[in-house]
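Participant: There's a structure below that I have some questions on.
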Amino acid sequence: MNDVINSKVSIDGEDKEIIISEQLVREVLEFPDDENSPTGFPERMVKGCMLRIGYSGPLNKANYLKACFMKPYMFFIHSVIHVLSHRKGGYDAMKDHQMCMVTALVLNKKYNFSRIVFHYMKDNITFGSKSWVYPRFGWLNLYPRLFGMASNVQFDPSHNICCVYDEKLPKMVVFKEILEFMKRLPIQKALTDQHKAFKSHITHFWKNAVYDDMNDVINSKVSIDGEDKEIIINEQLVREVSEFADDENSPTGFPERMVKGCMLRMGYSGPLNKANYLKACFMKPYKFFIHLVIHTLSHRKGGYDVMKDYQMCMVTALVLNKKYNFSTIVFHYMKDNITSRSKSWVYPRFVQMMLDNAYLNLVKDEQNDLMVLHHMDNETMIRLSMYTKNWRNRRRLSSLNTSKMISMRIQIWLII
């Protein structure tokens, strides 16, 4: 029904969920295809291409032998078979889909490499005996993208990053029509302030962080000239320093009908009865916006292709211009990080903001101690623009369409 692969990856002895879709394969491996790219060509075209690259074997066979091609083409075909094939043997013959890959590359035609790779990943699951197909694509590309570069994930440079609105970036033109809306969002500091974080300060903070359940605060230490100074973090400090436009009475959730209705109006094409929504199932401009929310405000250090329930509520609040308690969510996951079995460096940018707010004279060594965050850039734009569904012929939704959008108590926004 959902056409995804669900599995687990172990991090510090704890199983974490991983969801792999065709679109994830496409984005991470940077195949230059889309969902409409073909997975086959006319037989005459394929055989004609094989003849033009010097094939000297029989043409009426299902498989073509690598040895029957001229030497330079043998090198090329060898690469295709070994790099992209799902097979763990039989490297001397090309199957039909491999001949189509070669044809596409030689004739510079679109081909759905992503679908072929994902198909054989699925086939490996339903086959009688599972094997470790595409190990390099899995462990070197997909899993690090979702969970960081090692099993013991302390810090992911794609977590708590910043958005950029630089219209000079070549690929930003693809998302230009949504930038006006993005610049109006009421949480600009949290989204765009490239506040520098420093490893020694973030490490020291989380190492010494203790949650005081009675007072609902986080007590920790910050090192100044070798001396530990106390720092107390509460929800209100998160609110003030990050400049979230909320208050203690702002909600942290919305009715399911409102959230799902908003997702539909933003062009969501995936199944509605799932707890998590795939970023890939939104139209391109919305995909840029959702990417921003997930990477900037999420507590997660992976799984960036999926929206959790609270992230869908964040998106709904920003689109419908409604109050939402971003501060409560951020503080909640800071507390959760302390009480979990393994502390990690969550929200390094926000934490550094709060440390600098409390102590102005912190030593900062940008040469040796700076935490490098992978803020959005042109490469991000390229990945996001690789796939999309076309805009539907309708006005954009609510505050995406106008700066004069007023939050409505009743749900007539569904027809706006």
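Participant: May I ask you to verify whether TYR55 is of a type in the set (Ser, Thr, Tyr) and more than 22 Å from PHE137 (Cα to Cα)?
Facilitator: Spelling it out, TYR55 is indeed of a type in the set (Ser, Thr, Tyr) and more than 22 Å from PHE137 (Cα to Cα).
Participant: Which number in (1) open to solvent by 30 Å² or more (accessible area, probe 1.4 Å); (2) hydroxyl-bearing (Ser, Thr, Tyr); (3) in contact with an Asp or Glu (Cβ under 9 Å, 6 or more places away or on another chain) marks the one condition that SER223 misses?
Facilitator: (3)
Participant: I need the full set of residues from the range 149-205 which are in a loop (DSSP other than H, G, I, E, B) and hydrophobic (A, V, I, L, M, F, W, C), in order please.
Facilitator: MET149, ALA150, VAL153, PHE155, ILE161, CYS162, CYS163, VAL164, LEU169, LEU185, ILE187, ALA197
Participant: Would you check which residues across the range 301-313 are crowded, with 21+ Cβ neighbours inside 10 Å and not aliphatic (A, V, I, L, M) and list them?
Facilitator: Scanning the range 301-313 gives LYS301, GLY302, ASP305, GLN311, CYS313.
Participant: A further question follows. Determine which member of the set LYS189, LYS171, LYS130 is surrounded by fewer than 17 Cβ atoms within 10 Å (Cβ to Cβ) and at pLDDT 85 or above.
Facilitator: LYS189
Participant: Restricting attention to the range 390-402, and to residues there that are buried (at least 18 other Cβ atoms within 10 Å of the Cβ) and assigned to a loop (DSSP other than H, G, I, E, B), which single residue is modelled with the lowest pLDDT?
Facilitator: Among those that are buried (at least 18 other Cβ atoms within 10 Å of the Cβ) and assigned to a loop (DSSP other than H, G, I, E, B), it is ARG396.
Participant: Next up: Pull up the range 133-158, narrow it to residues that are touching a strand residue (DSSP E or B) at 6+ places or on another chain (Cβ under 9 Å), buried (at least 16 other Cβ atoms within 10 Å of the Cβ) and not β-branched (Val, Ile, Thr), then point me to the one that is modelled with the highest pLDDT.
Facilitator: GLY138
Participant: Got a number for residues in the range 347-372 being of a type in the set (A, V, I, L, M, F, W, C) and closer than 19 Å to GLU243 by Cβ?
Facilitator: 7
Participant: Also, quick follow-up: Select, from THR380, THR339, THR316, the only residue that is open to solvent by 40 Å² or more (accessible area, probe 1.4 Å) and modelled with pLDDT of 55 or more.
Facilitator: Exactly one residue qualifies, and that residue is THR339.
Participant: Under 6 Å by Cβ, and 6 or more places apart or on different chains, what pairs join a residue from the range 270-293 that is among the small types (Gly, Ala, Ser) with one that is at pLDDT 85 or above and open to solvent by 10 Å² or more (accessible area, probe 1.4 Å)?
Facilitator: Here the result reads GLY270/LEU278; GLY270/CYS281; ALA280/GLN23, each pair linking the range 270-293 to a residue that is at pLDDT 85 or above and open to solvent by 10 Å² or more (accessible area, probe 1.4 Å).
Participant: Please go through the range 295-350 and pick out each residue that is of a type in the set (D, E, K, R) and touching an Asp or Glu at 6+ places or on another chain (Cβ under 7 Å).
Facilitator: LYS301, LYS323, ARG341
Participant: Moving on. Only residues that are assigned to a strand (DSSP E or B) and touching a helix residue (DSSP H, G or I) at 6+ places or on another chain (Cβ under 8 Å): list them for the range 206-218, please.
Facilitator: If the condition is that a residue be assigned to a strand (DSSP E or B) and touching a helix residue (DSSP H, G or I) at 6+ places or on another chain (Cβ under 8 Å), then VAL210, TYR211, ILE218 are the ones that fit.
Participant: Select from the range 5-27 the residues that are small (Gly, Ala, Ser) and assigned to a loop (DSSP other than H, G, I, E, B) and write down the one among them that is surrounded by the fewest Cβ atoms within 10 Å (Cβ to Cβ).
Facilitator: Out of the qualifying residues, it is GLY13.
Participant: Checking the conditions here, which among TYR324, TYR347, TYR333 is surrounded by fewer than 19 Cβ atoms within 10 Å (Cβ to Cβ) and of a type in the set (Phe, Trp, Tyr)?
Facilitator: Of the residues listed, the single one that is surrounded by fewer than 19 Cβ atoms within 10 Å (Cβ to Cβ) and of a type in the set (Phe, Trp, Tyr) is TYR333.
Participant: Regarding LYS287, is this residue among the basic types (Lys, Arg) and surrounded by 22 or more Cβ atoms within 10 Å (Cβ to Cβ)?
Facilitator: So LYS287 fits the description; yes.
Participant: Cβ-Cβ distance below 8 Å, separation of 6 or more or different chains: which pairs start in the range 241-254 with a residue that is polar (S, T, N, Q) and end on one that is in a loop (DSSP other than H, G, I, E, B) and surrounded by fewer than 17 Cβ atoms within 10 Å (Cβ to Cβ)?
Facilitator: So the pair list comes out as SER250/LYS323.
The values are calculated or read from the model by the stated rules, or taken from the named source; none is laboratory data. Just so we're clear, the structure is a prediction, and the values are computed from it rather than from any experiment. Cβ atoms come from the backbone with ideal geometry, glycine included; neighbour counts cover every protein chain shown. With ligands, DNA and RNA removed, areas are computed over all heavy atoms of the protein, side chains included. Shrake-Rupley method; radii C 1.70, N 1.55, O 1.52, S 1.80 Å.
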